[in-house]
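Okay, structure first, notes after.
The values are calculated or read from the model by the stated rules, or taken from the named source; none is laboratory data. Values in this document were obtained by computation on a predicted structure and should not be read as measured data. All Cβ positions, glycine included, derive from the backbone under ideal geometry; neighbour counts span all protein chains shown. In case anyone asks, the SASA skips ligands and DNA or RNA and just uses the protein heavy atoms, side chains included. Shrake-Rupley method; radii C 1.70, N 1.55, O 1.52, S 1.80 Å.
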Amino acid sequence: MVNLRRRRDRRERMERILPAELPAAFTSDWEGPFDGRSLDLETISDLGHRLFPWRIESDNPWWSRPLKFGEIGCSLAHLACWRDAADNTSAPYVLILEDDAVLGSGFLPRLLDGLGRLAAEDPFDLLYLGRFPLDPDRPALPGFVVPGYSHCTFGYLLTRRGLGRILDAALDQAVVPVDEFLPALYTDHPRADLRARFPRCLEARAFDPPIVRQLPKEEAGSDTEDSAFVSETPQGDGETSSARSGPAAASPSSRVSE
């Protein structure tokens with residue numbers, strides 16, 4: 001009951017803060033395996049999804065433990081946003097926001113101005129609006145960087161080309177946390193098994209400074225962390241059995257992952 005109330009509150013907050021010019025869709029309006037508390041291996045398998053053998057021997061505590069069902073649900077929610085945008089929109093850009101995203105002051109004008117400059121001078125596939133950098137960035141146009149390995153997917157934007165390339169990577173057949181999936185597609189991921197499964201295919205940029213930030217977890221809660229671990233059974237081929245806008249004037253369509 002707490003999770004349902006929290007989700008409802010976050011949706012209402014997103015409806016209040018999203019610019020009216022951005023047509024929006026919400027994953028809470030779709031049927032899908034997005035809630036880690038109600039997910040199980042049978043459901044994931046029945047839907048045709050397969051899990052990547054996530055846990056490895058590592059000093060990184062994230063990598064040395066199994067996936068959580070909440071991480072799977074989050075990744076599948078992002079995948080649903082990408083598929084919906086590909087199938088049901090023709091906008092040149094697609095904006096993905098998680099429901100704990102906080103839009104900075106002057107968000108839409110800053111976004112459109114940045115898109116106009118990038119489209120004219122520095123074409124890209126993926127644009128982070130906010131993130132948590134883990135490796136050094138490289139310079140790009142003023143106001144942007146070429147991101148190094150980064151976590152957090154609370155706010156990012158895809159071009160149509162980027163959308164197609166992300167879908168071609170078939171996340172549903174080797175599900176990993178979306179925080180790790182995206183950087184694997186644009187940088188040399190520190191895990192060799194992820195580099196092999198998800199070859200680089202994206203040109204990424206990031207706003208610097210960011211124009212979106214994330215609510216603190218103590219305020220927003222965490223549906224990914226508040227879920228059970230998956231028991232993994234390796235199967236080979238890097239999978240597991242039973243699974244776990246054009247120029248400045250163009251506005252993106254938006255998808256909200258809840």
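Assorted remarks:
- Within the set Trp63, Trp54, the sole residue that is open to solvent by less than 50 Å² (accessible area, probe 1.4 Å) and touching a Pro at 6+ places or on another chain (Cβ under 8 Å) turns out to be Trp54.
- Residue within the range 152-162 that is open to solvent by 10 Å² or more (accessible area, probe 1.4 Å) and more than 15 Å from the chain's Cα centre (by Cα) present: yes
- Qualifying positions in the range 112-141 - open to solvent by less than 20 Å² (accessible area, probe 1.4 Å) and not in a loop (DSSP other than H, G, I, E, B): Gly114, Leu115, Gly116, Leu118, Leu126, Leu127, Tyr128
- Restricting attention to the range 28-51, the residues being more than 23 Å from Asp84 (Cβ to Cβ) and buried (at least 19 other Cβ atoms within 10 Å of the Cβ) number 1.
- Hey, Ala170 hydrophobic (A, V, I, L, M, F, W, C), open to solvent by 10 Å² or more (accessible area, probe 1.4 Å) and modelled with pLDDT of 95 or more or not: yes
- Subset of the range 5-56 [within 30 Å of Asp193 (Cα to Cα), modelled with pLDDT under 90 and either polar (S, T, N, Q) or more than 21 Å from the chain's Cα centre (by Cα) (or both)]: Ser38
- Every listed requirement among (1) open to solvent by 30 Å² or more (accessible area, probe 1.4 Å); (2) among the hydrophobic types (A, V, I, L, M, F, W, C); (3) modelled with pLDDT of 95 or more is met by Phe229 save one, (3).
- Each residue in the range 15-25 was checked for being out of contact with any helix residue (DSSP H, G or I) (no Cβ under 9 Å at 6 or more places or on another chain) and assigned to a helix (DSSP H, G or I), and 2 pass.
- Here Arg83 fulfils each of the conditions (1) under 30 Å from Leu115 (Cα atoms); (2) assigned to a helix (DSSP H, G or I); (3) open to solvent by less than 40 Å² (accessible area, probe 1.4 Å) apart from (3).
- Within the range 35-50, residues that are within 23 Å of Arg7 (Cα to Cα) have Cβ atoms under 7 Å from residues that are among the acidic types (Asp, Glu) and assigned to a loop (DSSP other than H, G, I, E, B) in these pairs: Gly36/Asp223, counting only partners at least 6 apart in sequence or on another chain.
- Condition met for Pro109 (in a loop (DSSP other than H, G, I, E, B), at pLDDT 95 or above and open to solvent by 30 Å² or more (accessible area, probe 1.4 Å)): no
- Subset tally (residues that are part of a helix (DSSP H, G or I) and in contact with a helix residue (DSSP H, G or I) (Cβ under 8 Å, 6 or more places away or on another chain)) for the range 154-181: 10
- When Ser28, Ser90, Ser75 are screened for being in a loop (DSSP other than H, G, I, E, B) and of a type in the set (Ser, Thr, Tyr), only Ser90 passes.
- Taking residues in the range 65-79 that are polar (S, T, N, Q), and partners anywhere that are assigned to a loop (DSSP other than H, G, I, E, B), the pairs with Cβ atoms closer than 9 Å and at least 6 places apart or on different chains are Ser75/Val176; Ser75/Pro177.
- Given (1) closer than 26 Å to Gly104 by Cα; (2) in a loop (DSSP other than H, G, I, E, B); (3) not small (Gly, Ala, Ser), number of the condition Glu12 does not satisfy: (2)
- Residues that are within 22 Å of Gly130 (Cα to Cα) and more than 14 Å from the chain's Cα centre (by Cα) within the range 166-201 comprise Thr187, Asp188, His189, Pro190, Arg200, Cys201, listed in sequence order.
- Yes/no for Ala243 being surrounded by 17 or more Cβ atoms within 10 Å (Cβ to Cβ), on the phi > 0 side of the Ramachandran plot and either at pLDDT 65 or above or assigned to a loop (DSSP other than H, G, I, E, B) (or both): yes
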